[in-house]
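The values are calculated or read from the model by the stated rules, or taken from the named source; none is laboratory data. Note that the coordinates shown come from a computational prediction; the quantities given were computed from them, not determined experimentally. Glycine gets a Cβ as well: all are built from the backbone with ideal geometry, and neighbour counts include every protein chain shown. With ligands, DNA and RNA removed, areas are computed over all heavy atoms of the protein, side chains included. Shrake-Rupley method; radii C 1.70, N 1.55, O 1.52, S 1.80 Å.
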Number of protein chains: 4
Amino acid sequence: MTGIVPHILPTEGPDDTSKLESLIQTGEINPEHIICVLGKTEGNGCVNDFSRGLASMAYQRAIARHTTLSEDEVQQNVLFIMSGGTEGYMTPHVTVFCQEDNNESQSTTKNLAGGIARTRDFEPTEIGRIEQVNRTADAVQTAMERADISNFENVHFVQVKCPLLHSTVFSKHNNTSKSLITTNSYKSMKYSRAASALGVGLGTGELSSAKINQDTINNDWSIYSSVASTSAGVELNHSEVLVLGNSDSSNTEYRIGSSTMQDSLDTDAVTDAITSAGSKLTDSQTTICNTFAKAQAPSDGLIRGRRHVIHDDSDIQSTRHARSVVNSVIGAVTGDPLSYVSGGAEHQGPDGGGPIAVITTTVD
Amino acid sequence: MTGIVPHILPTEGPDDTSKLESLIQTGEINPEHIICVLGKTEGNGCVNDFSRGLASMAYQRAIARHTTLSEDEVQQNVLFIMSGGTEGYMTPHVTVFCQEDNNESQSTTKNLAGGIARTRDFEPTEIGRIEQVNRTADAVQTAMERADISNFENVHFVQVKCPLLHSTVFSKHNNTSKSLITTNSYKSMKYSRAASALGVGLGTGELSSAKINQDTINNDWSIYSSVASTSAGVELNHSEVLVLGNSDSSNTEYRIGSSTMQDSLDTDAVTDAITSAGSKLTDSQTTICNTFAKAQAPSDGLIRGRRHVIHDDSDIQSTRHARSVVNSVIGAVTGDPLSYVSGGAEHQGPDGGGPIAVITTTVD
Amino acid sequence: MTGIVPHILPTEGPDDTSKLESLIQTGEINPEHIICVLGKTEGNGCVNDFSRGLASMAYQRAIARHTTLSEDEVQQNVLFIMSGGTEGYMTPHVTVFCQEDNNESQSTTKNLAGGIARTRDFEPTEIGRIEQVNRTADAVQTAMERADISNFENVHFVQVKCPLLHSTVFSKHNNTSKSLITTNSYKSMKYSRAASALGVGLGTGELSSAKINQDTINNDWSIYSSVASTSAGVELNHSEVLVLGNSDSSNTEYRIGSSTMQDSLDTDAVTDAITSAGSKLTDSQTTICNTFAKAQAPSDGLIRGRRHVIHDDSDIQSTRHARSVVNSVIGAVTGDPLSYVSGGAEHQGPDGGGPIAVITTTVD
Amino acid sequence: MTGIVPHILPTEGPDDTSKLESLIQTGEINPEHIICVLGKTEGNGCVNDFSRGLASMAYQRAIARHTTLSEDEVQQNVLFIMSGGTEGYMTPHVTVFCQEDNNESQSTTKNLAGGIARTRDFEPTEIGRIEQVNRTADAVQTAMERADISNFENVHFVQVKCPLLHSTVFSKHNNTSKSLITTNSYKSMKYSRAASALGVGLGTGELSSAKINQDTINNDWSIYSSVASTSAGVELNHSEVLVLGNSDSSNTEYRIGSSTMQDSLDTDAVTDAITSAGSKLTDSQTTICNTFAKAQAPSDGLIRGRRHVIHDDSDIQSTRHARSVVNSVIGAVTGDPLSYVSGGAEHQGPDGGGPIAVITTTVD
């Protein structure tokens, strides 16, 4: 088989690597083929979410245990993108993406392909600014090349893990904090996700650079990428990119499709994404492997003309509410509480909506 | 018209009585016909949720303003049942139930009917105990009689607002606290809801008294009422009951139906409840006025075989997570974020599930 | 007696007016002399804190019950300033300020005096802007005149309750939201408190208008009032001002003193404030009636050179942490968990610190 | 030098091991002498606190990096006790305890000594039960022997890290969950801490086994150890014990003293503990290295006769409130926000109070 094979592994905790290690031991996963571990971990998904760092460290240790690589080398070779927050009934899990390459004959259909890349470390002053947009775009293009996906049409999901600003940064930049985009850590997550999403739009060719300037970032919601999914985390200073799409080069039994949720209750987008992957919900031979979506509350405080209070809740951050809703709506369609829903969809789909992608497989 | 007419009024805050007052001023609501104001208010739905008390006080003041009754008299004549917690996108709103009685000719169909009743004040030691079950059952029977609903078959929703134990009670009962069912205020909400739900089962005839003893309460989840919806609040010491069903005596244009959600993702139960009300989602002449449901996380930490972390989240109470999910799932079916979903479904449907009722109306 | 008499009344809940009503019934309080009810209520002190509105409504009802005034008239004549948040061990309570005036001979010492005033309703676009500063300054001057306090030296505490921006405002101002100072409700509390505090500085004469412009507000922490205490609440659109100080006109047995906490652990400021009131902690004849302080985390994430994580906690708002600390530090000095500590000290004392005032009385 | 040398290292995050690694590189710390890393990490200190696991994993990796030991061996040889929750201004930090043994001549005074031990893994059904008490007592005795501390009088602080029950345990024990002490994870922390504390009392000889039975655990607050400090964490299934005291065998320049806080505002206990260590706050030659305390809200909802609402706060767990208060009170006395305050003082001092220990050093 050549192309991407995803392994969806529910976990018993952020540091539970037992299912991955079992599959390595049985030979179903060759640990040297792993390019990315994309997880939903059970922290709050906000600034002080240490489940992400814990999971990253645990998976690095686990993979090192089964390869000749040191933990540092594993960290260099593989992307560990952990998105925090499994509110409601979202199943904590990781998707382990393996790059298989068996020089087999090509497929007659486009099948699941993917690639990874990373940026250099960002200066704190670059977060939320054009420099972050441009460096992200470069990494997206590199990842597309590695995936052998040549144009935007075949790209269905681009995950970026990006840094945020936090108290340590603020205290170090005390005298020069004016030059930081914000000195509020939770807000810096929004800026970093926003710049990363515009970088995805630029890198895939969906957006032109003429449309993006400093005023666009975290401000003009009409400019967005329909395939970007960006998460900020305290555990890194650079950004990491995973591009997923379909490619002629791949002959795996997996395909990916996507759509755009217009708002968090948009069940049609869920079925559209499944259709886009060439499958049907009602087809008993189709298995939905995983669904990937971004969630965000509409900025005007209304959904379908009704008031919601997500932005007025000082006890629970808005991203936590939004993740729960979108995972529930996906689960209402698919019947499965396991999906990857990440919060904060700045420039990732229309205001209040967001991208949705589905990986399916068909058993003959 | 004779029977119950419900008015569903979205609110801009717990003390926003403007829509009710407008309808009184235009004559659409006769304030003396109001028997119950059933609201979802935007607090945390837990112990320290003061949005419930604020809403009750505001609606009492508003009704007093438009009648010859004093606020105290309004409080005696009308039920104010405020359920806190509008997590996710749940629309804060109140449903104002009016008892119309125009001696018009009877309907050939059963239509929406309802009645209210209340218990005496409970001793703190009675909360969560058989005495609470029995007194609640008595009140349910009284309310059924007032609604002219003679048997369980025609009962579709019984809302109980019941008291809880809190720090003031604990400090007063310091020497005798052994006799309280619990000295944890959040836990006392569970006990009070549990005893109330069993009281509904007993009062409607769904459950026999032989099945219910002290060990059943908040413990044996196989014993439940399929139409009970119970909420605990800090603002009262007695319980208040609203029974809703269909009756030959009513000729209003509203009907109520119900079903049982087997778990929080059970979309079939939503459509079943609509069908039970004699309507169809796809029928353009049908309007879903409001949907009433209870939400609760399954006690074993699993949903559809998948792990969830609701019970391990020390930052957000499990009822808050559960309400968000059920409201989202109902919204995924109906397309409307406005529904009445209340948390804590002890003995209200199967473990992890809960009752669902729908009021519909058909425009010819 | 002529001057201000404060009654400090611990409460069993935001709507517990029983102690006030007892004192009215025994004649200790003449309800027509009440000018302000200043309370600490047990909500979260943030945007969705409904304990404040509930307490205001309950105290209005209670006072109306014992006077010939309607609730609306009570609301016009008396200030109800409820500050939410009793984190840690802060005792929920209200201080009822009565204006006594018995034409008695004047005192040879300056004693407790006070006055109230209010602004007109603000436009949402004025919140956090110079207009709010100026209107607040006018109200402060009016209140000083009513208190017969002529200069800043004798002013020890100026409490302002001011409005905030919330989702209803945002949805109404959707098209023009650019003109609002922020569309984040929690952040709007900061702006409103900041503008109000500068207004206090301007009104008392502590600050000159030359020092204050739009860029100062919520930005230049070197400009502050040392006697301002400002709280934002969702329940009002105007601002309300209470000025407290010592005046020759007063012959009550109470005096007020004040100091400035340099940071949240500044126990010296607590003893200084007591000394400033002419009392000593070690003097058995001195009673500390109540202590009033503002709390805020230093913006650089450090206290005494140590890192704190208040600004990185996405589960608990920083004001909640800060209130708990300052109340604990005051309690460590006075031995009493009852004090009035309000969060968010923008322009109210130095960055990370805040004003502290103490009302004492001496028994001969 | 022979005996225990403590190194107090503030951290920039749970996984910040930079200060430890610097001290190893400069030779100030011999990594093979480390017996315990006792940390305060910046999570919520409750069930879903992953900062503890992250810190443990990071420190294991750091020590392995500088020794010939593997991470697994480090984990076997050294105790990693991370207590979550740095509410208010508590400085996140670790104390690295080194066991020095240079065969130097003995001291004429008793100085800081310590020892570690661990229990076997517990069965879930043993948590909160007598078996946990007894196994903990055995480990305490072992640790005392290793510290060369022969009697209770010279023991000043016994830290235990113990397991808790969580959703994975509950789902596995589904059919037999009746045999677990509780199926509420947050509550299981209380039971585990309670049993561990009684085990400390038993092991040190402070309590006799005749006084302890199943009904004592988490119930009879009159039975307690005055030197126990126990923390529960999701990351282990056994318990780990650190005993600290003074011993003739030690000639380090450190001493430890202790006292008992009667309630959370008990500043006298802080100064008593310093005195007990042979030091004085006012002595400029004395340095307070670290203060160790337990915090807990009084169960009757009152402190010094005043009501508090810690037990009614459904948004913030009571242990989070209590830690903030006790750290603030200690800081008010010592002037330093850095202390080790851990929540949940079941059977660790009187109800509402807790143990406090201070390590001091004197510079000649």
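At a glance:
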read-out: The protein assembly as shown shape via C-alpha gyration tensor axes, a/c threshold 1.5; value: rounded
read-out: Partner chain coverage, peptide B:183-189 - average Cβ within 10 angstrom; value: 3
read-out: Reachable aspartates and glutamates, given that their alpha-carbon falls under 13 Å from the alpha-carbon of A:Lys187 and they are not under 8 places away in the same chain; value: A:Glu346, C:Asp312, C:Asp313
read-out: Accessible carbon and sulfur surface of the stretch B:313-364 relative to its total accessible area, %, 1.4 Å; value: 43
read-out: Over chain D, relative contact order from alpha-carbon pairs under 8 Å, at least 6 apart, %; value: 21
read-out: Cα coordinate range in the stretch B:106-178, projected on the principal axes (Å, largest first); value: 60, 18, 16
read-out: Cβ neighbours within 10 Å from other chains - mean over B:329-341; value: 5
read-out: Surface accessible to a 1.4 Å probe, C:His308 within the full protein complex, Å²; value: 0
read-out: Residues of type aspartates and glutamates that B:Lys172 reaches as a straight line, Cα spacing below 13 Å, ignoring anything fewer than 8 places off in the same chain; value: B:Glu123, C:Glu12, D:Asp300
read-out: Largest to smallest accessible area among C:Thr360, B:Thr26, A:Thr362 [probe 1.4 Å]; value: B:Thr26, A:Thr362, C:Thr360
read-out: Surface share of carbon and sulfur [accessible, 1.4 angstrom probe, percent] for the stretch A:101-188; value: 41
read-out: The stretch D:230-324: projected area of the alpha-carbon convex hull, averaged over directions, in nm²; value: 9.2
read-out: Summed residue charge, Cβ within 15 Å of B:Lys187's Cβ, Lys/Arg positive, Asp/Glu negative; value: +2
read-out: Cα→Cβ-extended label distance, 7 Å offset, between A:Glu32 and A:Asp138, nm; value: 3.1
read-out: Pairwise burial C:D, computed as accessible area of each alone minus the pair, summed, 1.4 Å, Å²; value: 3200
read-out: Cα gyration tensor, the stretch D:22-165 - rounded (a/c under 1.5), prolate or oblate; value: oblate
read-out: The stretch A:181-252-the stretch B:167-235 distance, computed between alpha-carbon centres (Å); value: 50
read-out: When each of D:Lys190/D:Lys211; B:Lys294/D:Lys161; C:Lys280/D:Lys280 is checked by Cα-Cα distance, pairs over 30 Å; value: B:Lys294/D:Lys161
read-out: Bins of 20 Å, starting at 0 and running to the largest distance - Cα pair percent for chain B; value: 32, 61, 7, 0
read-out: Cβ neighbours within 10 Å from other chains - mean over D:164-172; value: 5
read-out: Within the stretch B:1-119, percent of DSSP bridges classed antiparallel, to nearest 5; value: 70
read-out: Beta bridges per DSSP with both ends in the protein assembly as shown, % antiparallel, nearest 5; value: 75
read-out: Rg to Rh quotient for the stretch A:1-88, alpha carbon positions, Kirkwood Rh; value: 0.97
read-out: Candidates B:Glu240, B:Glu87, B:Glu126: whichever shows maximal mean-square fluctuation once chain B is modelled as a Gaussian network with Cα springs under 10 Å; value: B:Glu126
read-out: Chain D: calculated mean residue ellipticity at 222 nm from DSSP helix runs of at least 4, using -39500 (n - 2.57); value: -8500 deg cm²/dmol
read-out: Label-to-label distance, nm, for residues given as B:Ser150 and B:Asn219 (7 Å Cα→Cβ offset); value: 3.8
read-out: Prolate/oblate/rounded call for the stretch A:1-43, Cα gyration tensor, a/c under 1.5 rounded; value: oblate
read-out: Positive minus negative residues near C:Asn77 (Lys, Arg vs Asp, Glu; Cβ under 14 Å); value: -3
read-out: Beta bridge orientation in chain B: antiparallel %, DSSP, nearest 5; value: 75
read-out: Cα-based Rg of the stretch D:191-246 normalised by 2.2 N^0.38 Å, two decimals; value: 1.13
read-out: Complex-versus-alone comparison for the stretch B:85-117, residues with a loss of 10 Å² or more in accessible area, probe 1.4 Å; value: B:Thr86, B:Glu87, B:Gly88, B:Tyr89, B:Thr91, B:Pro92
read-out: Modelled FRET efficiency - R0 56 Å, B:Asn103 with B:Gln262, Cβ distances, 0.05 increments; value: 0.85
read-out: Per residue value of the accessible surface for chain A (all protein chains in place, 1.4 Å probe), Å²; value: 32
read-out: Most mobile listed residue (C:Ser192, C:Ser318, C:Ser239) in chain C, GNM with C-alpha springs under 10 Å; value: C:Ser318
read-out: Rg followed by Dmax, in Å, when the stretch C:205-364 is reduced to its Cα trace; value: 16.5, 51
read-out: Amide H contacts under 5 Å for B:His93, placed H, 5+ residues apart; value: B:Thr11, B:Lys40
